[in-house]
1. Please find, within segment 100-109, the residue that is surrounded by the fewest Cβ atoms within 10 Å (Cβ to Cβ) out of those that are of a type in the set (Gly, Ala, Ser) and within 20 Å of ASP54 (Cα to Cα).
2. Quick check on GLU246: is it over 21 Å from LEU14 (Cβ atoms), modelled with pLDDT under 95, out of contact with any Cys (no Cβ under 7 Å at 6 or more places or on another chain) and among the charged types (D, E, K, R)?
3. Against the conditions (1) assigned to a helix (DSSP H, G or I); (2) closer than 30 Å to LEU130 by Cβ, where does ARG211 fall short? Just the number, please.
4. Would you check if there is a residue in segment 145-162 being closer than 16 Å to SER75 by Cα and in contact (Cβ under 8 Å) with a residue 60 or more places away in the chain?
5. Which count do you get for residues in segment 207-244 that are polar (S, T, N, Q) and either assigned by TED's automatic domain parsing to the domain that holds VAL77 or in contact with a strand residue (DSSP E or B) (Cβ under 9 Å, 6 or more places away or on another chain) (or both)?
6. Any chance you could count how many residues in segment 48-99 are surrounded by fewer than 18 Cβ atoms within 10 Å (Cβ to Cβ), touching a Lys or Arg at 6+ places or on another chain (Cβ under 6 Å) and closer than 16 Å to GLU122 by Cα?
7. Among the β-branched types (Val, Ile, Thr), under 23 Å from the mean Cα position of the chain (by Cα), surrounded by 16 or more Cβ atoms within 10 Å (Cβ to Cβ) and modelled with pLDDT of 95 or more: does that describe THR210?
8. With the condition kept exactly as written, say whether any residue in segment 80-103 is under 12 Å from the mean Cα position of the chain (by Cα), closer than 23 Å to PHE63 by Cα and among the aromatic types (Phe, Trp, Tyr).
Amino acid sequence: MIVITGASGQLGRLVIDALLQQLPAGEIVAAVRHPAKVADLAARGVQVRLADYDQPDTLAAAFAGADQLLLISGSEVGRRVPQHRAVIAAAKAAGVGLLAYTSLLHADTSPLPLAAEHRETEALIGAAGLPAVILRNGWYTENYLAGVPVALQHGALLGSAGDGRIASAARADYAAAAAAVLTRADQAGRIYELAGDEAYTLAELAAEITRQAGQTVAYQNLPASEFTAVLLAAGLPEGLATLLAESDVGASKGGLFDASRQLSQLIGRPTTPFAALLKSQLAAQAA
C-alpha cells in the first residue's frame, strides 16, 4: 500500500495519476486534509483518508498498513518543520517501509532561503532512522509560466534572476519520478537531485514567449526589493511575493541549476521542454 500525503494538491494528484497507471486503485491511499476535495479519486477506487499535518492524531489511522509513504512538503512556509516532524513520527510509529520526501534541489548547499526548512526536515528524517529516499525537486516550469499573461499584457517579464540558468521541469515530470521511486526496490538511502534536461535564463524565456506569441516581451531584471514590491502591487500575499523574489535571487547564484539529468534517467524519458509547456499555455489562453 502506498500513501500519498497532500494528495489534493497539484503534485499529489499527478503522483496518484502516475501510480494508477501501474497499480490497482485500492493499493493507493490519498491522505488529505479535506476528503471531500478528492471525491473524484474515491470514485476511481483510491482509498481516501483524513490526514492533517497540524493534527497529529489523524496521522496514525491515515498511515496504517502503509508500505511506502510520500511526504509532499507542506505549502505553509514557516510551518513546515513542525508539520513534517509530526508526519515523520507517525510514519515511524506505523512501521512504514519507505518514506519518500519532496525536498529542494541541492537543499544541503542551496542559496535559496526556502531550503532551510527542507534541510531541517531531511535531518529529522535521518534522526528518525526510517528507511527513506529524498527527492530534491528543482523548480516547476509552471512557476514561471503562470506569469506569462501579465508579461504579454505589459510586454515585459520581470524578475531578479539575472543570468542565472534555471533547469526547471514540468510538475508532471517530478510526479512521474515520485511514482517511479515508490514502485521500485532498493530506494532507501538514495538522494536524487531532480531538474530538467535543459536550462534557460529568464531572458531566454522572454525571447521564447516573444517567438511563440508573436509579441515582444523583454526581460527586465530588478533588485529583489523592487521585484517584491511589484508582486505585492499585483496582489500577491507578502509571504509569496518574498518567496518568489528570494528564489529568483537564489537562481542568480546557481540555486536552480543542475546538469546531472537524474530526473530524466529516473523517469526513463526526456523531461518536458519549457517551450512545449509554453506552447500549451499560450494555446489555453487563446481558447
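The values are calculated or read from the model by the stated rules, or taken from the named source; none is laboratory data. Since the model is a prediction, treat every value here as computed from it, not as a measurement. As a convention, Cβ positions derive from the backbone with ideal geometry for all residues, glycine included, and neighbour counts pool all protein chains shown.
1. SER103
2. Criteria met by GLU246.
3. In the conditions (1) assigned to a helix (DSSP H, G or I); (2) closer than 30 Å to LEU130 by Cβ, ARG211 misses (2) alone.
4. No: zero hits.
5. Here the count works out to 3.
6. Residues in segment 48-99 being surrounded by fewer than 18 Cβ atoms within 10 Å (Cβ to Cβ), touching a Lys or Arg at 6+ places or on another chain (Cβ under 6 Å) and closer than 16 Å to GLU122 by Cα: 0 in total.
7. It is false that THR210 is among the β-branched types (Val, Ile, Thr), under 23 Å from the mean Cα position of the chain (by Cα), surrounded by 16 or more Cβ atoms within 10 Å (Cβ to Cβ) and modelled with pLDDT of 95 or more.
8. Checked against the condition, which is being under 12 Å from the mean Cα position of the chain (by Cα), closer than 23 Å to PHE63 by Cα and among the aromatic types (Phe, Trp, Tyr), segment 80-103 yields at least one hit.
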